[in-house]
Amino acid sequence: MTRFLVSGLINIETTLRIECFPLEYNPVNFPFFGVHSSVSGVGYNLAKALTRLGNDVEFLSLIGKDTAGQLVLNALREDQIPSAGVLQKLEQTPQSVILYDSQGNRQIHTDLKDIQEQIYPPAEAEHALSACDVAVLCNINFSRPLLVKARRLGKPIATDVHAVSDLEDDYNRDFMQFADILFMSHEKLPLPPEEWIQVVRDRYPARIIVIGLGSRGCLLAERGREEVEHIPAVSTRPVRNTIGAGDALFSAFLHAFFQGDSALEALQKAVVFASYKIGAVSAADGFLDAAGLEALYRQTHTA
């Protein structure tokens, strides 16, 4: 069993189903059963998915001293995610609102409150890093000091910089420089993904780079192999909301890769995991367990 340290955001997420984008003005709408609130955030999604897949997870995050913070602690307990590293050091817990339509389009509005000005206690972070096999460091500011600590301890570092658009992006450059496993989205790239992945490989030292392509699947580049692999998307059930698909892809890849699968097979399994996940509404719901993933993977990859 792999022991993952996850350092990342938790927020209260509210999703709103709409007819289509762009959203026309209307003073009152009644989307029955179209509004849903839950505990989510990139860090939470990763910690929950990795736990659901049977891994040992240590979770570091910061939440508020407010009522929303208590909701987070309740959810951690229900989802059997260790909460000792989730500290109530903020006055308010971050929140997000996500609009989505039936075509798979979504628009995310995230209010981080003052979390970007906060620091995770260094001694507690270093202790958690020392005990882990893999450091999964989300691109939020309180994870940034952990990059150096993880590298000094010799821990593999995995990160997802999401919708990056600049090779020298001021915010994400540290995360890209330290990552052994680097994920990102195609959504804001300045070049075609096939060109961009080569540029990133030339600039940064990651041994594995993955670009999520949404409905087209994803691309995989491995250090030492010239060929870039395209892994097509699969359909496992009807799509309800694509929010959290990237987190699902990232977490399932890490699970499979550190269980011993090749990068290609791990990513093929991750595509199946993400496909099933987007049949749920919340970014933190719809995760298969390890047995369910293996069964669905065999089913979708049977000749």
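The values are calculated or read from the model by the stated rules, or taken from the named source; none is laboratory data. As the structure is a computational prediction, the values presented were derived from the model and not from experiment. Don't worry about glycine lacking a Cβ; one is built from the backbone with ideal geometry, like all the others, and counts go over all protein chains shown. What goes into the accessible areas is simple: the full protein's heavy atoms, side chains included, and nothing from ligands, DNA or RNA. Shrake-Rupley method; radii C 1.70, N 1.55, O 1.52, S 1.80 Å.
Label sites at Leu16 and His230, each approximated as a point 7 angstrom past Cα along Cα to Cβ, lie 3.7 nm apart. Taking Cα centroids, how far is segment 12-63 from segment 188-264 in Å? For segment 12-63 versus segment 188-264, the Cα centre distance is 22 Å.
Report note on the peptides 289-299, 91-101: ranked by the mean count of other C-beta atoms within 10 Å, highest first, their order is 91-101, 289-299.
Suppose R0 equals 30 Å. What FRET efficiency, 1/(1 + (r/R0)^6) with r the Cβ-Cβ distance, do Arg216 and Arg151 give to the nearest 0.05? In this case the efficiency is close to 0.35.
Annotation note: chymotrypsin sites (Phe, Trp or Tyr not before Pro) in segment 1-59 located in DSSP loop regions with a Cβ neighbour count of at most 16 within 10 Å are Tyr25, Phe32, Phe33.
Across the alpha-carbon set of segment 115-239, the Rg to Rh ratio works out to 1.01, Rh being the Kirkwood radius. With the convex hull of its Cα atoms as the shape, segment 59-136 has an orientation-averaged projected area of 6.9 nm².
Summary value for segment 200-303: 22 percent relative contact order, contacts being C-alpha pairs under 8 angstrom separated by 6+ residues. Coupling constants for segment 70-80 follow from the phi torsions by the Karplus curve (6.51 cos²θ - 1.76 cosθ + 1.60, θ = phi - 60°), and in residue order they are 5, 4, 4, 4, 5, 5, 4, 5, 5, 8, 6 Hz; glycine and proline get x.
Near Leu90, the amide H atoms lying under 5 Å from its own belong to Ile63, Gly64, Lys65; only residues 5 or more places off or on other chains count, and H is placed 1.01 Å from N. Treating each Cα of the chain as one equal point scatterer and applying the Debye formula with no solvent, the log10 of I(q)/I(0) at q = 0.07, 0.09, 0.15 Å⁻¹ comes out as -0.25, -0.42, -1.23.
Once the Cα-Cα distance is subtracted from the 0.36 nm per residue extended length, the Asp56 to Gln177 segment shows a gain of 40.9 nm.
Rolling a 1.4 angstrom probe over segment 129-280 with all protein chains present gives an accessible area of which 49% lies on carbon and sulfur atoms. Only Cα sites of segment 212-293 enter the Debye sum here, all with the same form factor; the resulting log10 I(q)/I(0) across q = 0.18, 0.23 1/Å is -0.68, -1.06, listed in q order. Proximity of backbone amide H atoms, modeled 1.01 Å from N, is registered between Ser96 and Ile12, Glu13, Thr14, Asp111 at under 5 Å, excluding neighbours fewer than 5 places apart on the same chain.
With 0.36 nm allotted per residue and the present C-alpha distance subtracted, the Leu191-Gln116 stretch has 24.1 nm of extension available. With the simple model of a label 7 Å out from the Cα in the direction of the Cβ, Ser37 to Gln198 spans 5.0 nm. Per residue, the solvent-accessible area of segment 215-303 (1.4 Å probe, heavy atoms of protein chains only, all protein chains present) comes to 42 Å².
Would you kindly state how much longer the chain becomes between Asn74 and Leu23 on full extension, computed as 0.36 nm times their sequence separation minus their alpha carbon distance, in nm to one decimal? Please report the intermediate quantities before stating the final value.
Numbers: separation 51, 0.36 × 51 = 18.36 nm, distance 3.43 nm.
Result: 14.9 nm gained on full extension.
Taking amide H as placed 1.01 Å from N in the peptide plane, Gly85 has its amide H under 5 Å from the amide H of Phe59, each at least 5 places away in sequence or on another chain. Given a 1.4 Å probe and the protein chains as shown, Glu229 ends up with an accessible area of around 40 Å². Applying both filters, DSSP loop and at most 15 other Cβ atoms within 10 Å, to the trypsin sites (Lys or Arg not before Pro) of segment 175-205 gives Lys188. The charge dipole of the chain, taken about the Cα centre with unit charges on the Cβ atoms of Lys, Arg (+1) and Asp, Glu (-1), comes to about 460 debye, rounded to the nearest 20. What the phi angles of segment 82-98 give under the Karplus curve with 6.51, -1.76 and 1.60, with θ = phi - 60°, is a coupling list of x, 10, 4, x, 9, 9, 8, 10, 9, 6, 10, 7, x, 9, 9, 10, 10 Hz, glycine and proline written as x. In order along segment 30-46, phi translates into HN-Hα couplings of 10, x, 3, 6, x, 10, 9, 10, 7, 7, 8, x, 4, x, 5, 4, 5 Hz, rounded to whole numbers, per the Karplus curve 6.51 cos²θ - 1.76 cosθ + 1.60 with θ = phi - 60° and x for Gly and Pro.
With a Cα cut-off of under 14 Å and a minimum spacing of 8 residues unless on different chains, the lysine pairs in the chain number 5.
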